[in-house]
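See below for the structure under consideration.
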Amino acid sequence: MRKQLTLLLVAMMALPSLCAASDTIKDDSVKVIKSPEQVTITKRDGLFRLNVDGNETDKDYRYEYVVEERFDGKLYVQESEGGKMRFRHPFSKCDSNYKKTHWEVFTSDLMFGWGGHSVASTDRDMLKKSMSEIGILNLVSLARVFNQGRSRISLGVGFNWHRYNLESPYFWNRSNEGVLGYHKFTEPFDKHRATLIVRSMQFPLMFNQSLGKGWNVALSAVMNWNYYADYHNSYRIGKSDYTETTRGLKQRKISFDGIAMLSWGGLGVYFRYAPQSVFKTGLGPEIKNRWTVGLVLRGFGFHHHKTK
C-alpha cells in the first residue's frame with residue numbers, strides 16, 4: 001500500500017511539468033486533408049485502416065493510413081497514397097501532394113478548328129479562303145510532371161485531317177505525273193463538291209503550365225508526317241450523280257507548325273499556325289501560311305504514384 005501511494009505522489013508531482021511540455025511540443029502532422037468526401041476506419045486481422053476518399057473537386061484521390069499491431073505490442077505504420085496506377089484528369093488543379101516529379105501517360109486535346117491560308121494570285125479565285133481541321137493532338141503522350149503538378153513537358157503522337165475546298169465551278173484533277181491541279185466545268189450542274197483532304201500523324205512536344213483555379217496554358221511545337229492525301233469531286237447533271245476520288249498525290253511529307261492553347265478544366269480554345277506550303281513548288285497549289293482557331297477538349301490519363 002505504501003508503495004502505491006509513493007507512485008501516485010510521484011505522478012502527481014510530475015503532472016504539471018507534463019502539461020507544460022504538452023503546451024510547447026506539438027504532435028507531428030502525418031497528413032492534413034481538407035474537406036474529404038468520406039472517411040472510413042476499419043479493423044481486421046490486427047490492422048487499423050483509415051481510408052480517405054476525395055471530394056467532388058478530386059474524386060479520384062485516395063489516401064490510406066494503416067496501423068498494424070504486432071506480437072510485441074508495438075504499432076507499425078503502413079502509409080499509401082493514390083494507389084499504384086489510377087485514372088485521372090491530367091490538367092486538373094495542381095496537387096500539393098506531388099512532392100516530387102513523376103511520369104504520366106495520358107490522352108488529350110481533341111481539336112475542331114476553322115481557319116484560312118494564303119495562296120498564289122493565280123489560285124485565289126479557285127480555292128476557298130476557308131479551311132477546316134479535326135484531330136487529336138495527343139492520342140498517346142508521355143509527360144514529366146513537376147512543380148507539384150503545376151508544370152509538365154510531354155511528347156506524344158496524334159492524328160490530324162486538314163480539308164481544303166474549291167469554289168464552283170472548279171474541280172480537282174491530277175496530271176499523269178501526279179501533280180495536283182484543277183479545271184473549270186462548263187456544263188450546267190449542281191450539288192458541287194471539290195474537297196482535298198490531307199491526313200497527318202503529328203508528334204507534339206508540349207509544355208503545359210497551370211495558372212490556378214482550373215486554368216491552363218500550353219505551347220506546342222509539332223512535327224507532322226503527312227502520310228496521305230486525296231481529293232473527292234462530286235456533282236449532279238440532271239438526275240445523274242457523278243463522283244471521282246483520286247489518291248497518290250505528292251503532298252509535302254514532313255512539315256512543322258506551332259500551337260498555343262488556353263483551357264479551363266476540360267475545355268479550351270487553340271490557335272495553330274503552319275507556315276509551310278501543303279505541296280512543294282510545282283507539285284500542287286501553293287497553299288501556305290495556314291492558320292486555324294477552334295475548340296479543344298482536354299483529356300484523361302493514368303497517373304503513377306509510388307507507395308510510401
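The values are calculated or read from the model by the stated rules, or taken from the named source; none is laboratory data. These numbers were taken from a predicted model, which means no experiment stands behind them. Neighbour counts are summed over all protein chains in view; Cβ atoms, including those assigned to glycine, are modelled from backbone coordinates with ideal geometry.
Here Gly214 does not qualify as under 30 Å from Thr122 (Cα atoms) and of a type outside the set (Ser, Thr, Tyr).
Name the residue, out of Asn216, Asn208, Asn173, that is assigned to a strand (DSSP E or B), more than 36 Å from the chain's Cα centre (by Cα) and either assigned by TED's automatic domain parsing to the domain that holds Ala274 or not hydrophobic (A, V, I, L, M, F, W, C) (or both). Steps first, please.
Working: Asn216 fails: more than 36 Å from the chain's Cα centre (by Cα); Asn208 fails: more than 36 Å from the chain's Cα centre (by Cα).
So the residue among Asn216, Asn208, Asn173 that is assigned to a strand (DSSP E or B), more than 36 Å from the chain's Cα centre (by Cα) and either assigned by TED's automatic domain parsing to the domain that holds Ala274 or not hydrophobic (A, V, I, L, M, F, W, C) (or both) is Asn173.
Test Glu167 against the criterion of being assigned by TED's automatic domain parsing to the domain that holds Trp264 and without any contact (Cβ under 8 Å) to a residue 12 or more places away in the chain, and give yes or no. No. I'd like the full set of residues that are of a type outside the set (Ser, Thr, Tyr), closer than 16 Å to Leu166 by Cα and under 32 Å from the mean Cα position of the chain (by Cα), limited to segment 229-258. Of everything in segment 229-258, those that are of a type outside the set (Ser, Thr, Tyr), closer than 16 Å to Leu166 by Cα and under 32 Å from the mean Cα position of the chain (by Cα) turn out to be Ala229, Asp230.
Restrict the check to segment 138-149 and report whether at least one residue is in a strand (DSSP E or B), at pLDDT below 85, surrounded by fewer than 19 Cβ atoms within 10 Å (Cβ to Cβ) and touching an Asp or Glu at 6+ places or on another chain (Cβ under 9 Å).
Looking only at segment 138-149, we keep the residues that are in a strand (DSSP E or B), and these are 138-146.
With at pLDDT below 85 added as a condition, the list becomes none.
No, segment 138-149 has no match at all.
Scanning segment 103-117 for residues that are surrounded by 16 or more Cβ atoms within 10 Å (Cβ to Cβ) and either without any contact (Cβ under 8 Å) to a residue 40 or more places away in the chain or over 14 Å from the mean Cα position of the chain (by Cα) (or both) yields Gly113, Gly115, His117.
Within segment 275-293, the set of residues being in contact (Cβ under 8 Å) with a residue 40 or more places away in the chain and either assigned to a strand (DSSP E or B) or within 19 Å of Gly135 (Cβ to Cβ) (or both) comprises Val278, Phe279, Ile287, Lys288, Asn289, Arg290, Trp291, Thr292, Val293. Residues considered: Gly266, Gly299. Of these, the only one that is crowded, with 18+ Cβ neighbours inside 10 Å, at pLDDT below 95 and farther than 26 Å from Trp172 by Cα is Gly299. When residues in segment 176-205 are screened for being in contact (Cβ under 8 Å) with a residue 60 or more places away in the chain and part of a loop (DSSP other than H, G, I, E, B), 2 of them pass.
Can you find a residue in segment 150-162 that is buried (at least 16 other Cβ atoms within 10 Å of the Cβ) and closer than 24 Å to Arg124 by Cα? Among the residues of segment 150-162, at least one is buried (at least 16 other Cβ atoms within 10 Å of the Cβ) and closer than 24 Å to Arg124 by Cα, which makes the answer yes. The set of residues from segment 190-203 being surrounded by fewer than 17 Cβ atoms within 10 Å (Cβ to Cβ) and at pLDDT below 95 comprises Asp190, Lys191, Arg193.
Within the set Tyr231, Tyr242, the sole residue that is in the same structural domain as Arg193 (by TED's automatic domain parsing), touching a Leu at 6+ places or on another chain (Cβ under 8 Å) and among the aromatic types (Phe, Trp, Tyr) turns out to be Tyr231.
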